[in-house]
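Peer 1: Pasting a structure below so you can have a look.
The values are calculated or read from the model by the stated rules, or taken from the named source; none is laboratory data. What you see is a predicted model; the values in this text were computed from it and never measured. Methodologically, a virtual Cβ is constructed for each residue, glycine included, from the backbone with ideal geometry; neighbour enumeration extends over all protein chains shown.
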Amino acid sequence: MNSPLNLMSPPAIVRRESVLDTKAIQALDSAHYMHPFTDHQDLATRGSRVITKADGIYVWDSEGNKILDAMSGLWCVSAGYGRTELAQAAYQQMMELPFYNSFFQTTNVPATQLAAKLSTLAKPVGDRRFDHVFFSSSGSESNDTNVRMVRRYWDLLDQPQRKVIISRKNAYHGSTMAGASLGGMSGMHAQGDLPIPNITHIEQPYFFENALPGETEQAFGVRAAGWLEEKILEVGPEKVAAFIGEPVQGAGGVIIPPDSYWPEIQRIVDKYGILLVSDEVICAFGRLGYWFAYEKFGYKPDLVTFAKAVTSGYIPLGGVMVGNRVAKVLIEKGGEFNHGYTYSGHPVACAVALANIALMERENLVGRVRTDVGPYLAEKFKTLAGHPLVGVAETCGFTAGLVLVKNKATQELFAEDLGVGMVCRRHCFANGLIMRAVGDRMIIAPPLTMTHAQIDEMVALITRCLDLTYAELKDKELLG
Ligand SMILES: Cc1ncc(COP(=O)(O)O)c(C=O)c1O
């Protein structure tokens, strides 16, 4: 039996890098590990980069290279790497109660406490309150939950014909059948015979690509939201169940909508009485300077998807904040909701989330994005717009994107098949920086713990990598 004292004293960590043979790991990797979103033939030829350890905002590979992780892992390590208290929270909970399910009228303490805590973090807006949470283990699962919950809601209200969910092209909502269908990634749809029925898409609010000549951002935002109303009328308002959108499209390339977009979306969903789902898997937990991003844009979602930074990525956890409009119907009408996951409300994941939120509160990570490091990043990142290779450079909270252009004066883009974004990404990796390429949009989402000096270091690295990319493209005579 463990005493509470033992629970607080995790065993010493034994570092393993001294025995690491990169070539041997790469061989095992390509022989056995099928990576997500990967060309397996290409991987087998080139081998993986083996990441072995991390601390703060840096990761190290098996060759000893130190790399500044400007993507927080995959948009998730918001509290930074090496947080002992998150490991301790997991250890303590594993020793106390590593698992129990919530299916058969049972619960566990961390899941209950986390649900209550999240309800206080998700601020009421207008007549919406978020007193309830449904847990999963990922963003994709959470969006599957949304599809199930939205349909259950309309069934319970005797409107079973309301099945259609409208989403946007270039949205990312996960990789399960429902998640990928909600998403608007044409490559994913092409491989999976997707979308599944009753999911349809409108164009994204991407000013740089979709604005008309001379159109202001504000006018474009209203026009882009209007595509939702056109789609509702095309489908038939009585058949539309919900609209889903990311506050800022992350994986699509950090597409930041004009300020006028979300209020107009709200007006339209209200007009037709359809549910609004805010997928905040990337945007919640401080990424945009708020615990939940609907607060920043001032709209009133009915369901809010979260995952990733709820645990700073230290352990998988996702979920849906269920607004009172939906919760009330599910609770008052009753009947079993035939949906859930083995790991819904996993006690270890929930304990780590509680410790992560406590840490974020103590260090004011959310507030400092809004009033300190967010504005500082904006100021520094926007200087990159002056680079001859950059068309536009924009930030929102602690995420940012820039577009690589062939001709700065005309903003002409490179031909897609040149893969210029990948050229830039290669220079980033070779120079100790992780920056993601989405087509020719280079994007970042650094840990929220970054200091001003680290932001300066990151922007200097980005500049260097842009210079190297520019020089390579010039050599190959690819510039306009
Ligand atoms: C907005 C959004 N929704 C859903 C997902 C899917 O989350 P997961 O990969 O945890 O399933 C992601 C992942 O990046 C995301 O960005």
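Peer 1: Looking at (1) closer than 14 Å to ASN324 by Cα; (2) within 16 Å of the ligand (Cβ to nearest atom), find the lone condition where SER119 falls short.
Peer 2: Failing condition for SER119: (2).
Peer 1: Still on this structure, please answer the following. Looking only at the stretch 250-270, count how many residues are on the phi > 0 side of the Ramachandran plot and either of a type in the set (A, V, I, L, M, F, W, C) or away from the ligand (no atom under 16 Å from the Cβ) (or both).
Peer 2: Our first condition is that a residue be on the phi > 0 side of the Ramachandran plot; within the stretch 250-270, this holds for 253-254.
Filter once more, keeping what is either of a type in the set (A, V, I, L, M, F, W, C) or away from the ligand (no atom under 16 Å from the Cβ) (or both): 254.
Summing the residues that are on the phi > 0 side of the Ramachandran plot and either of a type in the set (A, V, I, L, M, F, W, C) or away from the ligand (no atom under 16 Å from the Cβ) (or both) in the stretch 250-270 gives 1.
Peer 1: Here are GLY318, GLY340: which of them is touching a residue at least 40 places away in the same chain (Cβ under 8 Å) and touching a Ser or Thr at 6+ places or on another chain (Cβ under 6 Å)?
Peer 2: Numbers: GLY340 fails: touching a Ser or Thr at 6+ places or on another chain (Cβ under 6 Å).
Exactly one of GLY318, GLY340 is touching a residue at least 40 places away in the same chain (Cβ under 8 Å) and touching a Ser or Thr at 6+ places or on another chain (Cβ under 6 Å), namely GLY318.
Peer 1: For the stretch 156-188, which positions are away from the ligand (no atom under 12 Å from the Cβ), within 30 Å of LYS328 (Cβ to Cβ) and outside any strand (DSSP E or B)? Talk me through it step by step, then tell me what you get.
Peer 2: Here is the first cut: in the stretch 156-188, the ones away from the ligand (no atom under 12 Å from the Cβ) are 156-166, 169, 177, 181, 186-187.
Remaining after also requiring within 30 Å of LYS328 (Cβ to Cβ): 156-166, 177, 181.
Those that are away from the ligand (no atom under 12 Å from the Cβ), within 30 Å of LYS328 (Cβ to Cβ) and outside any strand (DSSP E or B): LEU156, LEU157, ASP158, GLN159, PRO160, GLN161, ARG162, LYS163, MET177, SER181.
Peer 1: Residue check: is GLY179 surrounded by fewer than 19 Cβ atoms within 10 Å (Cβ to Cβ) and not assigned by TED's automatic domain parsing to the domain that holds PHE414? Write out each step before concluding.
Peer 2: Working: surrounded by fewer than 19 Cβ atoms within 10 Å (Cβ to Cβ): no; not assigned by TED's automatic domain parsing to the domain that holds PHE414: yes.
Criteria not met by GLY179.
Peer 1: Do any residues in the stretch 239-257 that are of a type in the set (D, E, K, R) have Cβ atoms under 6 Å from those of residues that are within 12 Å of the ligand (Cβ to nearest atom), where the two are at least six apart or on different chains, and which pairs are they?
Peer 2: As it stands, the answer is GLU246/ASP279, since those pairs meet every condition given.
Peer 1: Pick from ARG436, ARG426, ARG464: which is within 20 Å of GLU379 (Cα to Cα) and either among the charged types (D, E, K, R) or surrounded by fewer than 19 Cβ atoms within 10 Å (Cβ to Cβ) (or both)?
Peer 2: Details: ARG436 fails: within 20 Å of GLU379 (Cα to Cα); ARG426 fails: within 20 Å of GLU379 (Cα to Cα).
After ruling out the rest, the residue left standing is ARG464.
Peer 1: Picking from ALA171, ALA122, which residue would you name as being small (Gly, Ala, Ser) and either more than 17 Å from THR311 (Cβ to Cβ) or outside the structural domain of GLY318 (by TED's automatic domain parsing) (or both)?
Peer 2: Details: ALA122 fails: either more than 17 Å from THR311 (Cβ to Cβ) or outside the structural domain of GLY318 (by TED's automatic domain parsing) (or both).
Answer to the selection: ALA171.
Peer 1: A further question on this structure: Please determine whether any residue of the stretch 61-78 is buried (at least 20 other Cβ atoms within 10 Å of the Cβ), part of a helix (DSSP H, G or I), within 16 Å of the ligand (Cβ to nearest atom) and of a type in the set (A, V, I, L, M, F, W, C).
Peer 2: Yes, that holds for at least one residue.
Peer 1: Suppose we keep only residues that are more than 22 Å from LEU182 (Cα to Cα) and surrounded by 24 or more Cβ atoms within 10 Å (Cβ to Cβ) within the stretch 271-288. Which one would you say is nearest to the ligand (Cβ to nearest atom)?
Peer 2: Going through the stretch 271-288, the residues more than 22 Å from LEU182 (Cα to Cα) turn out to be 271, 285-288.
Filter once more, so that each one left must be surrounded by 24 or more Cβ atoms within 10 Å (Cβ to Cβ): 285-288.
Working: PHE285: 13, GLY286: 15, ARG287: 10, LEU288: 13 Å.
Only one residue tops the list, namely ARG287.
Peer 1: Take the residues in the stretch 219-249 that are within 16 Å of the ligand (Cβ to nearest atom) and part of a strand (DSSP E or B); name whichever of them is nearest to LEU74 (Cα to Cα). Steps first, please.
Peer 2: Step one: list which residues in the stretch 219-249 are within 16 Å of the ligand (Cβ to nearest atom), which gives 242-249.
Subset that is part of a strand (DSSP E or B): 242-245, 249.
Numbers: ALA242: 28, PHE243: 25, ILE244: 21, GLY245: 19, GLN249: 14 Å.
Ranking the candidates gives GLN249 first.
Peer 1: So which of LEU43, LEU74 ends up being more than 29 Å from THR451 (Cα to Cα) and in contact (Cβ under 8 Å) with a residue 12 or more places away in the chain?
Peer 2: Numbers: LEU74 fails: more than 29 Å from THR451 (Cα to Cα).
Unique residue meeting the criteria: LEU43.
Peer 1: Something else about it: Could you please let me know if ILE196 is within 22 Å of the chain's Cα centre (by Cα), of a type in the set (Val, Ile, Thr) and either at pLDDT 95 or above or within 16 Å of the ligand (Cβ to nearest atom) (or both)?
Peer 2: Numbers: within 22 Å of the chain's Cα centre (by Cα): no; of a type in the set (Val, Ile, Thr): yes; either at pLDDT 95 or above or within 16 Å of the ligand (Cβ to nearest atom) (or both): yes.
No; evaluated as a whole, the condition is false for this residue.
Peer 1: Could you check how many residues of the stretch 104-139 are in contact (Cβ under 8 Å) with a residue 12 or more places away in the chain and closer than 24 Å to GLU295 by Cβ?
Peer 2: Summing the residues that are in contact (Cβ under 8 Å) with a residue 12 or more places away in the chain and closer than 24 Å to GLU295 by Cβ in the stretch 104-139 gives 23.
Peer 1: Can you find a residue that is under 23 Å from LYS474 (Cα atoms), in a loop (DSSP other than H, G, I, E, B) and not assigned by TED's automatic domain parsing to the domain that holds TYR294 anywhere in the stretch 361-381? Full working, then the answer.
Peer 2: Going through the stretch 361-381, the residues under 23 Å from LYS474 (Cα atoms) turn out to be none.
Looking for residues that are under 23 Å from LYS474 (Cα atoms), in a loop (DSSP other than H, G, I, E, B) and not assigned by TED's automatic domain parsing to the domain that holds TYR294, one finds none in the stretch 361-381, hence no.
Peer 1: Next question, about the same structure. Determine which member of the set THR107, THR84 is outside the structural domain of GLY286 (by TED's automatic domain parsing) and β-branched (Val, Ile, Thr). Even if it seems obvious, please write down each step before you answer.
Peer 2: Details: THR107 fails: outside the structural domain of GLY286 (by TED's automatic domain parsing).
After ruling out the rest, the residue left standing is THR84.
Peer 1: Would you confirm whether any residue within the stretch 390-401 is exposed (fewer than 14 other Cβ atoms within 10 Å of the Cβ) and of a type in the set (D, E, K, R)? I'd like the intermediate steps shown before the answer.
Peer 2: So the first thing to find is which residues in the stretch 390-401 are exposed (fewer than 14 other Cβ atoms within 10 Å of the Cβ), and the list is none.
Within the stretch 390-401, not a single residue is exposed (fewer than 14 other Cβ atoms within 10 Å of the Cβ) and of a type in the set (D, E, K, R).
Peer 1: Which of the following residues is part of a loop (DSSP other than H, G, I, E, B) and touching a residue at least 12 places away in the same chain (Cβ under 8 Å): LEU461, LEU479, LEU402? First the steps, then the outcome.
Peer 2: Numbers: LEU461 fails: part of a loop (DSSP other than H, G, I, E, B); LEU402 fails: part of a loop (DSSP other than H, G, I, E, B).
The match here is LEU479.
Peer 1: Here is a follow-up. May I ask you to verify whether ILE244 is among the aliphatic types (A, V, I, L, M) and surrounded by fewer than 23 Cβ atoms within 10 Å (Cβ to Cβ)? Steps first, answer last, please.
Peer 2: Numbers: among the aliphatic types (A, V, I, L, M): yes; surrounded by fewer than 23 Cβ atoms within 10 Å (Cβ to Cβ): no.
Here the answer is no, as ILE244 does not meet what is asked.
Peer 1: Taking the conditions exactly as written (in contact (Cβ under 8 Å) with a residue 12 or more places away in the chain and of a type in the set (D, E, K, R)), does LYS328 satisfy them or not? Walk me through how you get there before you give the answer.
Peer 2: Details: in contact (Cβ under 8 Å) with a residue 12 or more places away in the chain: no; of a type in the set (D, E, K, R): yes.
Judged against the criteria, LYS328 is not a match.
Yes/no matrix, rows are residues, columns are (1) on the phi > 0 side of the Ramachandran plot; (2) in contact with a Lys or Arg (Cβ under 7 Å, 6 or more places away or on another chain); (3) more than 14 Å from the ligand (Cβ to nearest atom):
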position: TRP291; (1), (2), (3): no, no, yes
position: TYR299; (1), (2), (3): no, no, yes
position: THR311; (1), (2), (3): no, no, no
position: ILE315; (1), (2), (3): no, no, no
position: VAL320; (1), (2), (3): no, no, no
position: VAL326; (1), (2), (3): no, no, yes
position: VAL329; (1), (2), (3): no, no, yes
position: GLU336; (1), (2), (3): no, no, yes
position: GLY345; (1), (2), (3): yes, no, yes
